[in-house]
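To start, the structure under review is shown below, and the notes come after it.
The values are calculated or read from the model by the stated rules, or taken from the named source; none is laboratory data. Source: prediction; values computed, not measured. Cβ: placed from backbone, ideal geometry, glycine included. Neighbour counts: every protein chain shown. Calculation scope for accessible area: heavy atoms of the full protein, side chains included, ligands and nucleic acids excluded. Shrake-Rupley method; radii C 1.70, N 1.55, O 1.52, S 1.80 Å.
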Amino acid sequence: MKETNGIKKVVLAYSGGLDTSVIIPWLKENYGCEVITITADLGQKKDPEQLRKKALNSGASKVYIEDMRREFIENYIFPTLKAGAIYERKYLLGTSFARPLIAKRQIEIAAQEGADAVAHGCTGKGNDQVRFELSYKALNPKIKIIAPWREWEIRSREEEIEYAQSRGIPVSATKEENYSRDRNIWHLSHEGGILEDPQTEPPEGLFQFTDSPEKAPDKPTFVDIEFEEGIPGKIDGESLDPIELLERLNKLGGQNGIGRVDLVENRLVGMKSRGVYETPGGTLLYTAHADLENLTLDREILHYKDLVAQKYAELVYFGKWFTPLKQALDAFVDVTQKEVTGLVRLKLYKGNCIVVKRTSPYSLYRKDLATFGEEKVYAQRDATGFINLFGLPEKVRALRDIEQISED
């Protein structure tokens, strides 16, 4: 048995998957401690009673299973959507912003139960270990942290499966199909297995959230999304709560083959990895929200917000959710969203998400200014002086170069 450092009770972030299933007996065998599990229902579509039974049969003394979908959407998804944060041009951060929410609840339960430590099932090569542990440290820097993947002798998913089977723990992963998946109401991610070869196309059987674009309907689907201060609230004129709204958009996007991403990304720990993601509803929301911003934000704010979005995405991806900089960026984003109110119509067709209409009471678009026809608001002759002044640096540089050539 390992040196326990006085650890008698641990709160484990428990998904019921391969990693956390084997961690319960491992903690008991190696630390001799009581294990309490917390499962956050973020839309994984898993039977809570089966999870409870599995955790107890694996050795947990107490099981928490909590529906946290609304908090997840309102306090984690929507702020990131408003920021327009996308990691490395493609990834909509579905796993990244789920971790600080789970970690926060772990810390709360640890305080409630008088636990000495918290534990997670993240590997020593991944990003999630950082996201969990930075959140722990921000919320309770004194609590002990156990990361079994950095301690045990198991070095592969194959060995993990053997460990589970030897202790009678049922697991869904197999040695033949050992993908690592993370699912919530926002997305479904796939890693590992044959995906570790970036030259290999993901097999169609991999996808669970989205239909293939080839098999999507032959007629386009139109959907109206309405936002108020950057937050979506209506679909086709119907007010919906956040859970219903996202589930409906997931269905529409998935049916039309929208939201698939195949990305070789830079992990925080320094290596590149390949992830295949399905984010149908999120793709619709990001597309509509960005287009509404183009209509309502002035140039200076829009361009600067793009810079903020990149930094925001890095903070979320790197696990720095509970930081002063993240809070400061949220404050900036909230100011930019005050007039991001309006309706965007999307045309969904065989993997394509196309904006075909946008309208807002705060629109900065004026037809009388933009028209190429004759108008009175904007005198086209005024452009001559503007161009002369705006192009003065280029003109001065060119004159200097010509003069130097003449002297030579």
Of the residues in segment 228-241, how many are out of contact with any strand residue (DSSP E or B) (no Cβ under 7 Å at 6 or more places or on another chain) and either open to solvent by less than 20 Å² (accessible area, probe 1.4 Å) or among the β-branched types (Val, Ile, Thr) (or both)? 2
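Could you pull out every one of the helices (runs of 4 or more DSSP H) wholly within segment 293-401 that has 1 or more residues that are touching a residue at least 60 places away in the same chain (Cβ under 8 Å) and farther than 26 Å from GLU265 by Cβ?
324-336
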Residue pairs qualifying under the 6 Å Cβ cut-off, at least six apart or on distinct chains, with the first in segment 89-115 being part of a helix (DSSP H, G or I) and the second being among the basic types (Lys, Arg), are ARG99/ARG131
Only residues in segment 51-62 that are at positive phi count as the first member; pair them with residues that are open to solvent by less than 80 Å² (accessible area, probe 1.4 Å) and part of a helix (DSSP H, G or I), Cβ under 6 angstrom, at least 6 apart or cross-chain, and list the lot. GLY59/ILE24; GLY59/PRO25
Does THR20 count as hydroxyl-bearing (Ser, Thr, Tyr), out of contact with any strand residue (DSSP E or B) (no Cβ under 8 Å at 6 or more places or on another chain) and assigned to a helix (DSSP H, G or I)? no
Options LEU348, LEU329, LEU343, LEU369: the member that is aliphatic (A, V, I, L, M), closer than 30 Å to LEU134 by Cβ and in contact with a Phe, Trp or Tyr (Cβ under 9 Å, 6 or more places away or on another chain): LEU329
Of all the residues that make up segment 327-361, how many are open to solvent by 80 Å² or more (accessible area, probe 1.4 Å) and of a type in the set (Asp, Glu)? 1
Among the residues of segment 124-143, write down those that are surrounded by fewer than 17 Cβ atoms within 10 Å (Cβ to Cβ) and touching a residue at least 40 places away in the same chain (Cβ under 8 Å). LYS125
Identity of the residue in segment 100-123, modelled with pLDDT under 95 and open to solvent by less than 20 Å² (accessible area, probe 1.4 Å), that ends up farthest from the chain's Cα centre (by Cα): GLY121
Do we find a residue being under 30 Å from ASP334 (Cβ atoms) and either among the basic types (Lys, Arg) or open to solvent by 90 Å² or more (accessible area, probe 1.4 Å) (or both) anywhere in segment 194-207? no
Name every residue in segment 27-53 that is assigned to a helix (DSSP H, G or I) and buried (at least 22 other Cβ atoms within 10 Å of the Cβ), in order of residue number. LEU27, TYR31
Does LYS326 fit the bill of being closer than 25 Å to ALA138 by Cβ, out of contact with any Cys (no Cβ under 8 Å at 6 or more places or on another chain) and at pLDDT 95 or above? yes
Can you tell me which residue in segment 247-292 is farthest from PHE207 (Cα to Cα), limited to those that are open to solvent by 30 Å² or more (accessible area, probe 1.4 Å) and without any contact (Cβ under 8 Å) to a residue 40 or more places away in the chain? GLY270
Candidate set from segment 56-74 (those that are open to solvent by less than 40 Å² (accessible area, probe 1.4 Å) and at pLDDT 95 or above); member that is farthest from LYS9 (Cα to Cα): ILE73
Filter pass, ALA111 being out of contact with any helix residue (DSSP H, G or I) (no Cβ under 6 Å at 6 or more places or on another chain) and of a type in the set (Gly, Ala, Ser): yes
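Quick one: which residue in ILE169, ILE225 is open to solvent by less than 80 Å² (accessible area, probe 1.4 Å), among the β-branched types (Val, Ile, Thr) and outside any loop (DSSP other than H, G, I, E, B)?
ILE225
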Those residues of segment 231-246 which are outside any strand (DSSP E or B), touching a residue at least 12 places away in the same chain (Cβ under 8 Å) and more than 19 Å from GLY94 (Cβ to Cβ), in sequence order: ASP236, GLY237, ASP241
